[in-house]
Amino acid sequence: MILSNLNILHRFVIFVGLLTLIITVGVSILGYRATLEQMETQLELQLKQDVESFSLNFKSLLVNLESSLADFALNGLVANALVDDIGRETYTDELFAGLKRVSGVNIQVSLVNYRGEVIAGKALPSNLADRLTHIIKIAIKKNSYTLWGISSANGNEFILQAPIVFANTGLPEGALIYRFLAEDLFNVILDQAAGENYFGFVRSFFFYFEDKSLGLKGQLIKSKDEVAGEPDIETSVILPVTNTHLNLSVGLNADRAQFSNGYKKLLQSKIIFGISIFILSLLSAFPLGSLLLRRLTSMQLQASKMIESKQFSERFEIQGKDEISLLAVAFNNVLNRLEYAFNEMGLANKRLLSEQAAKYQAVISQSTNAMLLWDPNNELVEVNKAAEKLIGKSITEIKRMKPSDIIANPTHVIEGINNKNLVKGHLNQLIDVEFSKTTILSGDKPHSLWIISDIREQIAAQKLREEQHSYFERIAHSDPLTGLPNRRMLNDQLIKSIAKAERDNGRLAVCYMDLDGFKEVNDSVGHEGGDHVLIEVTKRLSEIVRPSDMVARLGGDEFVLLLTEFQSDTQCLAILERVLDSLRDPHHIQDKIFNVSASIGVTLYPNDDDEPETLLRHADQAMYLAKQEGRNQYHLFNKEKDFEEQNRQQVLEEFKVALEHNQLILEYQPKVDMGTGDVVGAEALIRWRHPDRGLLMPGDFLPYLEGNSQTESLDWYVISKALKQLNQWVSNDLKLDLSVNISASTIQSLSFIETLLAELTKYPHLPKNRLVLEIIESEAIVDLRQVAAVVRHLRKIGIQVSLDDFGTGYSSLSYFRQLPVNELKIDASFIRDILQDSSDLDLVRGIIGLAQTFGKRIVAEGVETIEHGTLLLRLGCQIAQGYVIARSMGSGEFETWL
Amino acid sequence: MKLNSFITVILFLFSAVVCADASKPVYIGFDGEYGLKNSTSAQSIEKGLQIAIDEINEKGGVLNGRPLKLVTRDNRSVPARAIDNVKELAEIEDLVAVVGERFSPVILSLIPMIHEQKIILMDAWGSADGITDHSYKPSFTFRVSLKDQHAMPTLLKHATAKNLEKVALLLPHSGWGRSNEAAAKRFWKDNKSPQLTKLIWYKWGGKNQDLARHYEDILTSGAQAIIFVANDIEGSLLVKYVASLPIERRIPIISHWGVTGGAFVESSAGALAQIDFSVIQTFSLLNAPANKVAEVMALMKFRYGITNPNEINSPVGFGHAYDIVHLLALAINQAGTTDRETVRNALENLPDHQGLVRNYQPAFSATSHDALTLDDVFMATYDEQGVIRPILPRP
C-alpha cells in the first residue's frame, strides 16, 4: 500500500536495496549452515574413531592381563602349591610378591583349590566370598577362563580367573585369580590416552561396567577441564570381552559449542559485508533510476494530456527499439484494437469451454482405469470403455446399475484414493481392484467420480515374489534332494537342543549315520538310482523319528539324527535299533535289488558334554568304529577308546618319522653254546630312540604297528641294517650267525624272496648261511603252504630259518610240522618258571624232545640264572640267550664284550 | 586242591549266612588316589584291605559276628579332595577308621581335621615323619609303613655300601620332600659319608619338564649317585632320560619308594634294565612267612583270580593294608564297640600279633604309633619281569 504511493524511482531504489540485502543475507546463512553441518559430521566421525581407539586400548590391556594370568597359571610352582597343603606358604608369598603390577594395573593374586576356596594369596572380598567361591568352583569344573565384576569394600573390582590343570590327572584342580580395581584399569587407559594427541576434541572419558550376576553396576568419568554447558555430542562402544557376565563399554564426549565458535565469527563478517553492499547499492540506484525513467515520465505527461483532451487519435512517439519504445508501440496498438476487442470477447469465451469438454471426454474414454460418474441420485451419467471391460457388461446395461451392483463391499466406498475393494465382474467373478472416489461439481451439483483399477496382475506378481523368497529361504536351510535340513540348520538346531537339554537336565543323542553299500548302488545304477535310495532312506527315517527329533543330511550318504526328549539311554538305543531295522529292507531300482544298511555312531549328552562341533566329531568317530566292527550297527562313542585309537594313530605317524630320521637302532644279544662256552651268534633286536619318550622297547610300539604296512617297512629296515652289520663282522673275521626277526605278514608278501635277494646282492662276499630269519609266531599265517614254499626256497639258497617264541602263538605244532625250519626258539615265558613250575618244565622237555626227534636246533630264550642254564643243558638244550649271559648291547659294546 | 576249594565254598556259604543275620557291618574307609594316571598303589592297598576283610569275615567278622566292609573314595592325590572325602567317610555310622594312601602331602593335610573330628587314620603308605610325629594329643594317626626318618639313612648308607662317596638329593617341593630333607640333615649330623654335592627341589603337580636339566646339574656337581624322592610319573621320566644317555653319563639312582606306586615299569619302557636303579621297601611277598603267603594267595585267587605273588603290583601297600585290617579288627574286638575313641585307646594296648609284614610285639603303644622299625627296611631292585626283588646284603 505504501509502495503504491511511491513513484517508480523510489520503488526501484527500494527493490535494488532489498534484492541486494536478500542475496547477501541468504548466501551468508546458507553457507554458514552448510559449513556447520559438514563440520558436525566430521566431529562425529572423529569422535567415533577416537572411541574405537580408546576401546582398543582397553581391550589390549585386558588381553595383557589375561595372558599374564595364563602364563602364571602354567608356572610349575603354582601347580605345586595347589597340592602342597602343608608348607606352601614358605614360597607362595614370595612367588606372588613378584606380581604386584601387570601392564601398570595393580594386581592382587589368589590361589584357590577346586572348591573355589582361597588357599594362598589374598582372601576374597568378605561381602561376596561365598557367592564367588561358588561361581569360581563352577568355572574350574568347566575348565574355563572367566572375568567377573563385583563391588567390594575396595571399590569396584574385576576378577579374572584361570584354571590350573593338575598334570598327574590331567584335570583342573584349582585356579589362579587376579583382582584389580575398575578405577585402576581406567586410570591406566587414561594415562595412555594423555600420551596420545588424537583425543583433541574429547572433553570427558567414560567407563561403564555392569555384572548382573554379581550385582555390580557403575561408571567412571574423567573430564579434561570444566566447561560450562552440557556437552552435546557423545558416543560409546561395547567392549567385546569373551567368557564373562560383565558388560563393559567405554564412551567419549565433546562440546559442540567450542567447536562452532569460529563459525559464528565468520557469519558476523559476512553480515557486515552484506550491509555495506546494501548501502552502496541504495546510493547508486537513485541516479541510475532517474536516467532510466526519463522517457517514461514524458510518456506519462502525454497520456495525461490525451485523457484531459479526450482525444485518442494521437499516438505516442517511437524512439529506437528499447522496452520503452515497445511500450509506446503497444499502447498505440492497444488504442487501435481496444474497440475491436470488445466485440470479439464473447465469441472466444465459448470456444474455450468446448475445448475443455473435448479434453475431458478423451481422458475418460482413453483411460485404462474404469471411470464411473454418479449424479446425486446415484444414477450413472458417465461410463468409459475400461469400465465396460472390467464389469463385463455393455454401457447401456451398466447405466442401469446401482453402486451395490458393481462393488462387492459398498460399505467400503469412502472418499479417498487407492482403497482396496472387489468389483463384481463377468459371471459375478470378484475382481481385486484399487478404488478411488472423488466428488466433483457438475452443473453446480455434487457428482461422485469413481476411478477403479484392476490390480489382479500386481497381486499375482507379489505372490510369485513371495513364493520365490520362501523357496530360496528353504533351499538355504535344507537339502534340495531330500528336503531334509542341511548341515547349517543342523548346527543351529544342535546349539538350541544342547541349550534346552542343559536347562531341563535333559538328554540328547547325536547320531552320525553313513549308509553301507551306497557306493555299489551309485556304481551300478548311476546317481539317479543313488538319489532314489537317499529319498527312500529319508522316508523311512521320517516314519521312525518323533516330532521332537531331527534328521539332517550332511551330503553324500551321510545323515545325522538328533534325538531328544528320551527318558533313558536304552530308549534312545531302541530308536536306533528300529532305524537299523527299517533301513535293512532292500531297495528295488531298475529291476535290481540292493541291500543298503547303515552304520551309526552315537554320542550321548550329557555324558559327552562338549561343544556342538565336537559332539558331531565324536559321533563321526564312533560311526567309523561301527563301520570297522562290521557295519549295519551302531557304536556308542567312548572317550577312552577314542583316545586309544588316537594313540595308535600317533604312534604310527611318529614311527614313519622314526624310519625316515634313523631313530631306530639295533642292539645285539649274544647266543651262547652252554656246553662249550662259545658265542655262536647274536639276535638283532630293535630299539626306538624316541625324541620325547626316551628309549622304547619293541613291546612299547610293535603292538600298535600290528596289521599295518609299517610292520613290513620295519622288517626290511632291520634286515638291511643287520646285513650291513653281519657283513662287517665277516670282514672282521668274526664267525657269528645273526638272527633277524621277521613278521608273518612280511614273509607272506609275494615279493619277499625277490626283495631279500636284492638286499643280499649288496654284500656279494657275505656267506648267506650266516643269516637266520626268525619267524615271529604272534601273528597268524594265512597260507601255510605258501610260507612253507618260501622257507624251502630260503633254505635252498643257504639262509637259515627259525621259529621264534615257540609255543606261545597260534597253532605252534602245525607250523612246526609244515614249515621246514632249521631252528626252534623256546619262549622266555616257559623258561622262566621251569625251576618252580613242573608243568612248564614238562612243556620245555617236550619241545626239546620234539626238536631232537626232527633234527632241529633248539635255542632257549630268557635264561636268567645259572640254575636255569644247568637244567636246560641237562634236558638237552645247548644254546641259550638271556641275562645270565648278557643283555642286548649296541654293536660297539657287543664287539668289546666278545 | 579239591579239598581246599571245598573248604572255601563252605566258608563262603557260612559267611553269607552270617551276613544274612541282619548284623550291621562295621566299616573301614579308604581314601586313595585312584584317579591318578597309571596309579597301582590305591588298587594294591584296596586288595590288601579286602583280602584281610574277607579272611576276617570268613572267620566270623568282629564284635561277635558283624562283618567288616570296605568303603573307598578317590582323591586323585589332591589334598583338598582328600579332606572332603574323609569328612564324608567320617559321617558313615560304624565307620571305625580311614586308611591313608601313598601321598604324604595328602595325609599331612588331613591331620588337623581328623584330630578335630576324632577320626582314626591308619597310614598304609605315606612316609613323611610328620604323619605320626605331630603335637596333637591324643594322636589319632597310626602308621604301618616306612618312615622317612628310617628311609633316608638307609638310602644314604646304601650309597656308601656301593662305594659311592658323593651323592645328590633330588626332592619334591612338598611335605614329603621336606620330611626327607630333615631326615637327611639329621643323618649328616653323625655321619660324614656319603658327601652331599647338590640338593635340588623339583616342582610337581604341573607338567614336569625340568628333570633332565636337574640331572645334568647333578652330573656337573660331581655326584656319583642320586638319592631320588619321587613317585612313578617323575620316576619314569628321569629313568628314561638317564637310559637315553651314553653309558658313561649314567649314574646309579637310589630311590625312595613312591615310584613303586604306579605303572613305573611299564612307563619306563625298558629303560630300567639300562641303568643301576635300586628302591627302598619294607615288605616283599618273597620274604614273608610261607604259611601266611599261602593263605593270602588262596584268598587272592578266589577274589581276584591272581595266583602268582609276582602279579601283585605295589606290594608294600598290599602288605601294610593287610596287616592294618587285622590290627584294627583286634582293636575293635578289644574295645567291644565301634566308638572311635575307644578303638583308638585299644590300638595303643594291643597284644602281640604275627602279621604278614612282621611280628608285632605289639604294633603300637601310647608313645609310639609306628608299627615298623628300621629293621624292616631293605633295598630292592626290579628284575627283568618288573618284579621288585630284595637285594641280598653282601656276605
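Quick one: pull the percent of accessible area on the range A:441-578 belonging to carbon and sulfur, 1.4 Å probe, ligands and nucleic acids left out.
The computed percentage sits at 52.
I need the semi-axes of the equivalent ellipsoid of the range A:800-855: take the C-alpha gyration tensor, multiply each eigenvalue by 5, square-root it, list largest first in whole angstrom.
Each semi-axis is √(5λ); the values are 20, 11, 10 Å.
For the protein assembly as shown, what number results from the quotient of the Cα radius of gyration and 2.2 N^0.38 Å?
My calculation over the Cα atoms of the protein assembly as shown gives 1.52.
Hey, what do the phi angles of the range A:527-537 turn into as Karplus ³J(HN,Hα) couplings, whole Hz, using 6.51/-1.76/1.60 and θ = phi - 60°, x for Gly and Pro?
Once rounded to whole Hz, the list reads 5, 5, x, x, 4, 4, 4, 4, 5, 5, 4.
Under the √(5λ) rule applied to the eigenvalues of the Cα gyration tensor, what semi-axes describe the equivalent ellipsoid of chain B? Give them in Å, descending.
That gives 37, 23, 19 Å for the three semi-axes.
How large is the dipole of the range A:429-521 about the Cα centre if only Lys and Arg carry +1 and Asp and Glu carry -1, each at its Cβ, rounded to the nearest 20 debye?
Here the range A:429-521 has a charge dipole of around 280 debye.
Just the number, please: percent antiparallel of the DSSP beta bridges in the range B:25-114, rounded to the nearest 5. Could the numbers behind the result be given before it?
Details: 1 of 12 bridges.
Within the range B:25-114, antiparallel bridges account for around 10 percent of the total.
Could you compute Rg(Cα) / (2.2 N^0.38 Å) for the range A:548-610, with N its residue count?
So the range A:548-610 has a normalised radius of gyration of 1.34.
To the nearest hundred square angstrom, how large is the accessible surface buried between A and B, total for both chains, probe 1.4 angstrom? Mind dumping the intermediate values first?
Working: alone 49860 and 16890 Å², together 63630 Å².
Chains A and B together bury roughly 3100 Å² of accessible area.
If you project the alpha carbons of the range A:86-231 onto the principal axes, what extent comes out on each, in Å, largest first?
So the extents along the principal axes, rounded to whole Å, are 62, 31, 26.
So what's the angle, to the nearest 10 degrees on a 0 to 90 scale, between helix A:710-731 and the longest Cα principal axis of chain A?
50
Could the peptides A:611-620, A:557-566 be put in order, highest first, of the mean number of other beta-carbon atoms found within 10 Å of their residues?
A:557-566, A:611-620
Dipole of chain B (Lys/Arg Cβ +1, Asp/Glu Cβ -1, origin at the Cα centre): which of B:W204, B:P315, B:P194 lies farthest to the positive side?
B:P194
Add -39500 (n - 2.57) for each DSSP H run of 4 or more in chain A, then divide by its residues: what number comes out at 222 nm, to the nearest 500 deg cm²/dmol? Write out the running numbers ahead of the final one.
Working: 27 runs with 451 residues, N = 898.
Calculated mean residue ellipticity at 222 nm is -17000 deg cm²/dmol.
Looking at the protein assembly as shown, what % of its DSSP beta bridges pair antiparallel, to the nearest 5?
65
Per residue, how big is the convex hull around the C-alpha atoms of the range B:247-339? Give it to me in cubic angstrom, could you?
Per-residue hull volume (Cα only) is 145 Å³.
Within 10 Å, count the other beta carbons around each residue, average over each peptide in B:299-308, A:626-635, B:113-122, and list them highest first. Provide the component values of the computation, followed by the final result.
Values: B:299-308: 15.0, A:626-635: 16.7, B:113-122: 19.3.
Ranked by mean Cβ neighbours within 10 Å, highest first: B:113-122, A:626-635, B:299-308.
What Kirkwood hydrodynamic radius, in Å, does the range A:591-637 give when the mean of 1/r is taken over all pairs of distinct Cα atoms and then inverted?
Details: mean 1/r = 0.0886 Å⁻¹.
Its Kirkwood hydrodynamic radius stands at 11.3 Å.
What average number of partner chain Cβ atoms lie no more than 10 Å from the Cβ of the residues making up A:166-176?
Counting other chains' Cβ atoms within 10 Å and averaging over A:166-176 gives 6.
log10 I(q)/I(0), Debye, Cα-only the range A:606-762, no solvent, q = 0.13, 0.17 Å⁻¹?
Debye intensities relative to I(0), on a log10 scale: -0.78, -1.08.
In units of 2.2 N^0.38 Å, what is the alpha-carbon radius of gyration of the range A:756-898?
Compared with the compact-globule rule of thumb, the range A:756-898 sits at 1.13.
Under 20 °C and 1.002 mPa s, how fast does the range B:271-395 diffuse according to Stokes-Einstein, given a Kirkwood radius computed over C-alpha pairs? Answer in µm²/s, whole number. Don't skip to the end; give the middle numbers.
Working: Rh = 16.3 Å.
In µm²/s, the coefficient is 131.
Quick one: which of A:780-789, B:379-388 comes out on top by average Cβ neighbours within 10 Å, and what's the full order, highest first?
B:379-388, A:780-789
Cβ under 14 Å from A:V241's Cβ, A:V241 left aside: what net charge do those residues give with Lys, Arg +1 and Asp, Glu -1? Walk me through the numbers on the way to the answer.
Values: positive: A:K59; negative: A:E66, A:E210, A:D211.
Residues close to A:V241 contribute a combined charge of -2.
Just to confirm a number: summing +1 for Lys and Arg and -1 for Asp and Glu over residues other than A:I495 whose beta-carbon lies under 14 angstrom from that of A:I495, what do you get?
On the way: positive: A:R487, A:R488, A:K496, A:K500, A:R503; negative: A:D492, A:E502, A:D609, A:D610, A:E611, A:E613.
Once all neighbours under 14 Å are counted, the net charge is -1.
So with the 1.4 Å probe, I'd like the accessible area per residue for chain A, rounded to whole Å².
Values: 48290 Å² over 898 residues.
Dividing the accessible area of chain A by its residue count gives 54 Å².
Which semi-axes, in whole Å and largest first, does the equivalent ellipsoid of the range A:409-503 have when worked out from the alpha carbon gyration tensor as the square roots of 5 times its eigenvalues?
Values for the range A:409-503, descending: 52, 17, 11 Å.
Can you give the average number of partner chain beta-carbon atoms within 10 Å of each beta-carbon in peptide A:685-695, as a whole number?
4
In whole angstrom, and with the biggest value first, how far do the Cα coordinates of the range A:593-690 range along each principal axis?
Largest to smallest, the principal-axis extents are 69, 38, 26 Å.
In bins 10 Å wide, starting from 0, what share of all Cα pairs of the range B:255-294 does each bin hold, as a percent?
Calculated P(r), rounded to whole percents: 24, 43, 27, 7.
Can you give me the accessible area per residue for chain B, using a 1.4 Å probe, in Å²? If you can, show how the numbers build up before the last one.
Details: 15340 Å² over 395 residues.
Dividing the accessible area of chain B by its residue count gives 39 Å².
Debye calculation, C-alpha points only, no solvent: report log10 I(q)/I(0) for the range A:112-190 at q = 0.12, 0.22 Å⁻¹, in the same order as the q values.
So the normalised log intensities are -0.34, -0.97.
Using the alpha-carbon centroid of each, what span in Å lies between the range A:854-898 and the range B:302-337?
Cα centroid to Cα centroid, the span is 40 Å.
How large, in percent, is the carbon and sulfur part of the accessible surface of chain B at a probe radius of 1.4 Å?
The C+S portion of the solvent-accessible surface of chain B is 52 percent.
What value does the range B:166-244 have for Rg/Rh, both radii from Cα atoms and Rh as Kirkwood defines it?
A ratio of 0.96.
Using a 10 Å cut-off around each Cβ of peptide A:81-94, what is the average number of partner chain Cβ atoms that fall inside?
Other-chain Cβ atoms within 10 Å of each residue's Cβ, averaged: 6.
Convert 10 °C to kelvin, take the viscosity as 1.306 mPa s, use the Kirkwood radius over C-alpha pairs of the range B:330-387 as Rh, and evaluate the Stokes-Einstein diffusion coefficient in µm²/s, rounded to a whole number. Write out the running numbers ahead of the final one.
Values: Rh = 13.4 Å.
The calculation lands on 119 µm²/s.
Anything losing 30 Å² or more of accessible area from the isolated chain to the full protein assembly: pick those residues out of the range B:204-242, probe 1.4 Å, ligands and DNA/RNA ignored.
B:W204, B:G205, B:G206, B:K240
Suppose every Lys and Arg Cβ carries +1 and every Asp and Glu Cβ carries -1, with no other charges. What dipole size does the protein assembly as shown come out with about its Cα centre, to the nearest 20 debye?
The calculated dipole for the protein assembly as shown is roughly 2840 debye.
Name the residues of the range A:32-76 whose accessible area falls by at least 30 Å² when all protein chains are present instead of the chain alone, probe 1.4 Å?
Buried by 30 Å² or more upon assembly, which counts only protein chains, are A:G76.
Using only protein heavy atoms and a 1.4 Å probe, report how much of A:I593 is accessible, in Å² to the nearest 10.
Accessible surface of A:I593 is approximately 110 Å².
How big is Rg to Rh over the range A:474-559, alpha-carbon atoms, Rh as the Kirkwood inverse-mean-distance radius?
Values: Rg = 14.5 Å, Rh = 14.0 Å.
Looking at the range A:474-559, the ratio lands at 1.03.
Rounded, prolate or oblate: pick one for the range A:452-611, where a ≥ b ≥ c are the square roots of the eigenvalues of its C-alpha gyration tensor, a/c under 1.5 means rounded, and failing that, prolate if a/b is larger than b/c, else oblate.
Oblate is the answer for the range A:452-611, as a/c is 1.5 or above yet b/c matches or exceeds a/b.
Taking the Cα centre of the range B:157-271 as the origin, how large is its charge dipole in debye, to the nearest 20, when only Lys and Arg (+1) and Asp and Glu (-1) carry charge on their Cβ atoms?
Roughly 340 debye, rounded to the nearest 20.
Please give the direction-averaged projected area of the C-alpha convex hull for the range B:110-252, in square nanometres with one decimal.
So the Cα hull casts an average projection of 9.7 nm².
For the range A:5-72 and the range B:16-90, what is the centre-to-centre distance using only Cα atoms, to the nearest Å?
Value for the Cα centre distance between the two parts: 82 Å.
Run the quick spin-label model on A:E355 and A:E644: label points 7 Å from Cα toward the beta carbon, then report their separation in nm to one decimal.
Going by the 7 Å Cα→Cβ label model, 10.5 nm.
Given H placed on each backbone N at 1.01 Å, which residues far from A:F166 in sequence or on other chains put an amide H within less than 5 Å of it?
A:L171, A:E173
Quick one: Kirkwood hydrodynamic radius for the range A:424-480, alpha-carbon pairs, angstrom, one decimal?
On the way: mean 1/r = 0.0663 Å⁻¹.
Result for the range A:424-480 stands at 15.1 Å.
The values are calculated or read from the model by the stated rules, or taken from the named source; none is laboratory data. Keep in mind that this is a model prediction, so the values were computed, not measured. When we count neighbours, we look across all protein chains shown, and the Cβ atoms used for this are built from the backbone with ideal geometry, even at glycine. Keep in mind that these areas ignore ligands, DNA and RNA; they rest on the heavy atoms of the full protein, side chains included. Shrake-Rupley method; radii C 1.70, N 1.55, O 1.52, S 1.80 Å.
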